[in-house]
Amino acid sequence: MKVAANGVERFVKDPPPGVRAVLVYGPDTGKVLEFAKRIARTAVENLDDPFNVCELDGDDASSDPARLSDEMHARSLMGGRRLVRLRNATDKTSDAVVNALDGDTGDTLLVIEGGDLKPSGGLRKLFEAKREDIAALACYADTGRDLATMVRETLSAGGVKIEPDAERFLVEHLGSDRMASRMEVEKLTLLAGEGQTIDLDLVVSAIGDSAALDIDALIAAAAEGRPDAILSGLDRAFRQGEASVRIIRMAITYFQRLHLARARMADGRNPADAVKSLRPPVFFRTADAMARQLQRWDLRSLASALARLGEAEIRCKTTGYPDEAECGQAMIDVARLAVMAGRRAGARH
């Protein structure tokens with residue numbers, strides 16, 4: 001069965017009793033590892049237990065299918081449930097998995113970790129079929145809501161609170177990989193200390209050198225009509241592991257807010273008041289820059305920028321398309337639109 005997106009958290013916390021194998025896959029390797037471990041711990045407390053836990057690599061299972069089957073059909077010598085973890089699984093592993101699930105596997109749980117598997121591949125077709133005893137769980141990049149939930153749960157576990165503006169800034173500037181994001185939040189927990197409240201200054205100082213801040217600078221360069229700053233900013237972001245589609249999505253969000261603020265200026269507000277009216281509030285350290293950018297752009301130019309970024313997002317998601325090159329070209333095109341919009345604004349004044 002295929003676990004629905006709105007049921008993932010519930011499934012990870014408490015898999016249905018009849019499930020004997022789970023495929024956790026997707027492009028977010030950090031989330032794949034986190035969810036796989038959490039599911040595994042519903043079967044055994046200690047993932048390093050030498051008696052009740054067996055860990056295999058996908059290549060091992062492909063080259064020796066009988067071994068995976070043997071481990072699935074083995075019985076615990078010490079009592080309790082057994083766990084078999086299959087790491088780095090690919091579609092080449094699917095035959096071995098089918099063989100391992102044949103017959104009575106007792107109380108053994110099989111947890112498989114895969115990458116960005118194709119829907120037509122053997123593993124996904126097997127686990128997404130209408131069977132109640134096996135399940136597939138996809139792991140994609142976190143949305144803002146996912147990140148906010150993770151931040152609150154992680155901080156709560158460490159006995160730490162966070163101020164609303166600090167949480168908002170943190171969620172907006174965490175990376176696209178779940179493992180890296182959780183490490184940033186855990187670092188904040190240690191910096192604050194149990195029983196303390198995290199404020200905005202602590203968050204900014206703790207993640208001030210993150211790739212997300214580089215993306216902010218990159219988007220600002222595009223909004224201010226500085227195409228010369230695009231390629232160097234993209235190079236830094238890509239070297240730090242940022243994905244093209246995440247950069248484009250952040251740019252789309254930013255320009256949507258610019259568009260909304262510019263529309264409110266048409267109702268008679270000045271740039272600063274238009275920025276202040278946005279919800280959630282604009283981070284105060286970037287509000288002045290956004291107000292300056294609004295004096296450059298008009299609604300028509302912003303609509304063109306959003307259309308170009310939307311086109312880039314679709315292309316970046318297309319298999320085989322040179323996504324990093326498309327991301328760079330789109331940001332340069334937006335910066336050029338800003339230059340032209342600025343010239344028109346200057347001519348009007």
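The values are calculated or read from the model by the stated rules, or taken from the named source; none is laboratory data. All values reported here derive from a predicted model rather than from experimental measurement. Every residue, glycine among them, receives a Cβ derived from its backbone with ideal geometry; neighbour counts consider all protein chains shown. Accessible surface areas use protein heavy atoms only, side chains included; no ligands, DNA or RNA. Shrake-Rupley method; radii C 1.70, N 1.55, O 1.52, S 1.80 Å.
In summary, Arg336 fulfils each of the numbered conditions (1) within 14 Å of Ala223 (Cα to Cα); (2) buried (at least 17 other Cβ atoms within 10 Å of the Cβ); (3) at pLDDT 90 or above with the single exception of condition (2). Within segment 122-151, the set of residues being of a type in the set (D, E, K, R) and under 17 Å from Arg10 (Cα atoms) comprises Glu132, Asp133, Asp142, Arg145, Asp146. With respect to (1) in a loop (DSSP other than H, G, I, E, B); (2) open to solvent by 10 Å² or more (accessible area, probe 1.4 Å); (3) in contact with a Lys or Arg (Cβ under 8 Å, 6 or more places away or on another chain); (4) over 21 Å from Ala5 (Cβ atoms), the lone exception for Glu45 is condition (3). Per this entry, Ser181 is counted among residues that are surrounded by 14 or more Cβ atoms within 10 Å (Cβ to Cβ), modelled with pLDDT under 85, within 13 Å of Ile207 (Cα to Cα) and among the hydroxyl-bearing types (Ser, Thr, Tyr).
Pick from segment 1-31 the residues that are in a loop (DSSP other than H, G, I, E, B) and of a type in the set (A, V, I, L, M): which of them is surrounded by the most Cβ atoms within 10 Å (Cβ to Cβ)?
Here the residue is Val3.
Let's see how each residue does on (1) of a type outside the set (Asp, Glu); (2) modelled with pLDDT of 90 or more:
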{"site": "Ile112", "(1), (2)": "yes, yes"}
{"site": "Asp142", "(1), (2)": "no, no"}
{"site": "Glu153", "(1), (2)": "no, no"}
{"site": "Pro164", "(1), (2)": "yes, no"}
{"site": "Leu170", "(1), (2)": "yes, no"}
{"site": "Gly195", "(1), (2)": "yes, yes"}
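Residue pairs whose Cβ atoms lie under 6 Å apart, separated by 6 or more positions or on different chains, with the first residue in segment 55-79 and at negative phi and the second aromatic (Phe, Trp, Tyr) and at pLDDT 85 or above, are Leu77/Phe51; Met78/Phe51.
Among the candidates Ala274, Ala305, Ala289, Ala261, the residue that is under 18 Å from Ile219 (Cα atoms), part of a helix (DSSP H, G or I) and without any contact (Cβ under 8 Å) to a residue 40 or more places away in the chain is uniquely Ala261.
Out of segment 255-273, which residues are closer than 22 Å to Lys317 by Cβ and open to solvent by 50 Å² or more (accessible area, probe 1.4 Å)?
Gln256
Considering segment 125-140, and only residues there that are open to solvent by 40 Å² or more (accessible area, probe 1.4 Å) and closer than 29 Å to Val245 by Cα, the residue that is modelled with the lowest pLDDT turns out to be Tyr140.
Among the residues of segment 223-254, those that are hydroxyl-bearing (Ser, Thr, Tyr) and either surrounded by fewer than 17 Cβ atoms within 10 Å (Cβ to Cβ) or touching a Ser or Thr at 6+ places or on another chain (Cβ under 9 Å) (or both) comprise Ser232, Thr253. With respect to being charged (D, E, K, R), farther than 30 Å from Thr149 by Cβ and open to solvent by less than 50 Å² (accessible area, probe 1.4 Å), Arg82 fits the description. Listed by first and then second residue, the pairs with beta-carbon distance under 7 Å, at least 6 apart or on different chains, first residue in segment 25-54 and over 17 Å from Asp107 (Cβ atoms) and touching a residue at least 60 places away in the same chain (Cβ under 8 Å), second acidic (Asp, Glu) and assigned to a strand (DSSP E or B), are Val32/Glu113; Leu33/Glu113; Ala36/Glu113.
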